[in-house]
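Working notes for the structure below.
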Amino acid sequence: MTGLRCVAEIRRSSQGYATGSFGPAAAVVYGEIVTIKFHRNGATLAALTWKTDFSAEIDSRRGYTTKHAKTHGQDLLSILFRLPAFSQDDLGVLASSTIPEVRIGAVANIADPTLLARMAIGDKSAWVRRAAVGRVTDQAVLGEVATKDSVQMVRLPAIDRLTDPVLLANLARTGTDRSHAQRRLDSLSPIRQ
């Protein structure tokens, strides 16, 4: 997409913490508000904001004064990639990016079940495989991921998306995540009284 500009804004925020219920602020922790926007020809195409998540209490022994916002670029990219300017062919190209967050953003918008399956089974990043699993409906693909993926955070969502009782029963008997598969199988079974 030509003419695309990315603008990042970071503003400071803060949270005061008191020593007692009604005491003055004994400590101030600084945070941030991060906004990232994509512009094209003066129009904002996509924007997201993340803020520091301040805890209710502070452990004074830690002594930190700054807590950064947790930003998730893939969330912004998935919004950007929904735009009509990005074709399914473009998303296919983005799916092979060297940057995992770009691949995750593409996964959120890819319509091709074959490409999604290939990413769920074979992407080198567990985070990308997990995102792809969330879009796959093919029971054989989900079964393969649930059986063969080396990372539990990818296998468990695959099990959660399985609806085939035969696959689930097999996983409950012989799979790496037997108890999780059994719980999923039980959730699909009618309640017996």
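The values are calculated or read from the model by the stated rules, or taken from the named source; none is laboratory data. Since the model is a prediction, treat every value here as computed from it, not as a measurement. Note that each Cβ is placed from the backbone with ideal geometry, even for glycine, and that neighbours are counted across all protein chains shown. Protein only, heavy atoms only, side chains kept; ligands, DNA and RNA dropped before computing areas. Shrake-Rupley method; radii C 1.70, N 1.55, O 1.52, S 1.80 Å.
Points worth noting:
- Counting 0.36 nm for each residue step from Arg183 to Val28 and taking away their Cα separation leaves a gain of 51.3 nm.
- Label-point separation, Asp138 to Ser96 (7 Å along Cα→Cβ), nm: 1.8
- Residue of Val28, Val151, Val136 that the Gaussian network model of the chain assigns the largest fluctuation, springs spanning Cα pairs under 10 Å: Val28
- Note, ³J(HN,Hα) from phi for segment 117-123, Karplus 6.51, -1.76, 1.60, rounded to Hz, x at Gly and Pro: 4, 4, 6, 5, 8, x, 5
- Dipole-positive endmost among Leu171, Val145, Asn109 within segment 92-185 (Cβ charges, Cα centre): Leu171
- At 1.567 mPa s and 4 °C, Stokes D of the chain from Kirkwood alpha-carbon radius, µm² per second: 65
- Extension gain for Ala111 to Ala69 (0.36 nm times residue separation, less C-alpha to C-alpha distance): 11.9 nm.
- Net charge over other residues, Cβ less than 13 angstrom from the Cβ of Thr44 (K, R count +1; D, E count -1): +2
- Rolling a 1.4 Å probe over the heavy atoms of the protein chains gives the chain an accessible area of 61 Å² per residue.
- Less than 5 angstrom separates the built amide H of Leu45 from those of Phe38, His39, Arg40, all sequence-distant by 5 or more or on a different chain.
- Heavy-atom accessible area ranking, 1.4 Å probe, most first, across Leu4, Leu76, Leu94: Leu4, Leu94, Leu76
- Taking the chain as a Gaussian network of alpha-carbon nodes connected by springs under 10 Å, the highest mean-square fluctuation of the residues Ser78, Ser55, Ser13 belongs to Ser55.
- Taking the Cα centre of segment 107-162 as reference, the dipole from Cβ charges on Lys and Arg (+1) and Asp and Glu (-1) amounts to some 140 debye.
- Where both bridge residues fall in the chain, DSSP classifies roughly 95% of the beta bridges as antiparallel.
- To the nearest ten degrees, helix 139-148 and the longest principal axis of the Cα atoms of the chain are 70 degrees apart.
- Percent carbon-and-sulfur accessible area, the chain, ignoring ligands, DNA and RNA, probe 1.4 Å: 52
- Tensor-based shape of segment 87-155 (alpha-carbon gyration tensor, a/c under 1.5 rounded, otherwise prolate or oblate): oblate
- Dipole size of the chain about its Cα centre, with +1 on Lys/Arg Cβ and -1 on Asp/Glu Cβ: approximately 280 debye, rounded to the nearest 20.
- Taking 0.36 nm per residue of sequence separation and removing the Cα-Cα distance, the Ala43/Val7 pair yields an extension gain of 11.8 nm.
- For Ala18, residues with placed amide H under 5 Å, excluding near neighbours: Ala26
- For the chain, the longest principal axis of the C-alpha atoms and the axis of helix 165-174 are separated by about 80°.
- Among Arg173, Arg130, Arg103, the residue with the largest mean-square fluctuation in a Gaussian network model of the chain, with springs joining Cα atoms closer than 10 Å, is Arg173.
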